[in-house]
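All remarks here apply to the structure that follows.
The values are calculated or read from the model by the stated rules, or taken from the named source; none is laboratory data. All values derive from a computational prediction rather than experimental measurement. Methodologically, a virtual Cβ is constructed for each residue, glycine included, from the backbone with ideal geometry; neighbour enumeration extends over all protein chains shown. Surface areas here come from the heavy atoms of the whole protein model, side chains and all, with no ligands, DNA or RNA. Shrake-Rupley method; radii C 1.70, N 1.55, O 1.52, S 1.80 Å.
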Amino acid sequence: MRGRRRRTALITGGAIVGAALLVGGVVGALLLNGGDPAGATGGAGGTTDGAERLSLTIAGSGESELQDAVALVAAEKGLDVEWVNFENDWVLPNSSLVAGEVDANAFQHITFLSAFNTANDADLTPVFSTTISQWGVFSSSIDDLDGLQTGDRIVIPDDASNGGRALFILEDAGLIELADDAGSYPTVDDVTANDLALEFVPVQAVTIPQQLDDPAIAAIVVGTSYFDPSQGIDSDDALFLDDALAESSLPYVNVIAARAGDVDDPAFGILQEVYQDERVAAGLEADSFGTTQLVEVPVDALRERLAELEQLARGIE
């Protein structure tokens, strides 16, 4: 079966500060020129001697070298960053932000954010872009996609945003076809062609790497950054990889998210500068071994896409 190619050429690209430090120069930049990426009214120049220190409490999904680097660089710029991590939980970072328990979070792409906002009548919004992870198809039992057999079981995420992404990847790999009107949140019900009668097994995305060695599972679809380093799995082991820097991957750009009324906090202008520091790029490389890339997208583009995705999400409620 020939999969429809959804991914197009990368929107205008360039290099992030410090990318040269990274192995193979893997960390690049997705630059959509124009606009004020931070949407902040002040603080972009860092701190000056005697200036009052600012602070942010940021919810994340797990301790990392990147978080350590962010805190270190931010402190040098007069911004105190405290990370509050919620291991293996993708609800609490958002619900805590809505409740005012933290000032921002850093763990999700805008498609996931749109689903949360719609389901919870929330107004969380991107402040600036951070990273994007490459996703792919992995298997411990076959060496290429031609090894898949009729009726094989493939694990995909059980949430609407990442499950849809997995189905798009399987379509791009030529394994299935999706209905033209499937939109940004396709489900298995939108599969219109499946020559191998593949069975899709939805599970929580963060647990998918644990299914890799299950003899009952032929393959999994997951982000390359989700694997524990002890598994020794990277993008070279994928049977198929998506194009994380394609224009169509914009919905999967990760962001710093905040409450809509707080986006003009000068602290966010400093935080965005922090993410452009070479030490943050090096921290990301240490965490992901090149499977996750720093990207920069104007906030207007992120918010416009978020609004479109929220409208689509309301249509499938």
Quick count over the stretch 181-201, residues being in contact (Cβ under 8 Å) with a residue 24 or more places away in the chain, assigned to a strand (DSSP E or B) and either among the polar types (S, T, N, Q) or loosely packed, with under 15 Cβ neighbours inside 10 Å (or both), is 2
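Conditions (1) of a type in the set (Phe, Trp, Tyr); (2) open to solvent by less than 50 Å² (accessible area, probe 1.4 Å); (3) within 25 Å of ASP300 (Cα to Cα), marked per residue:
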position	(1), (2), (3)
THR118	no, yes, yes
ALA122	no, yes, yes
SER140	no, no, no
ASP143	no, no, no
GLN149	no, no, no
LEU212	no, yes, no
So, LEU306, is that one in contact with a strand residue (DSSP E or B) (Cβ under 8 Å, 6 or more places away or on another chain) and of a type outside the set (Gly, Ala, Ser) or not? yes
Restricting the stretch 46-101 to residues that are of a type in the set (A, V, I, L, M, F, W, C) and over 25 Å from the mean Cα position of the chain (by Cα), which is surrounded by the most Cβ atoms within 10 Å (Cβ to Cβ)? LEU54
Is there a residue in the stretch 228-236 that is among the hydroxyl-bearing types (Ser, Thr, Tyr), more than 21 Å from PRO93 (Cα to Cα) and more than 19 Å from the chain's Cα centre (by Cα)? yes
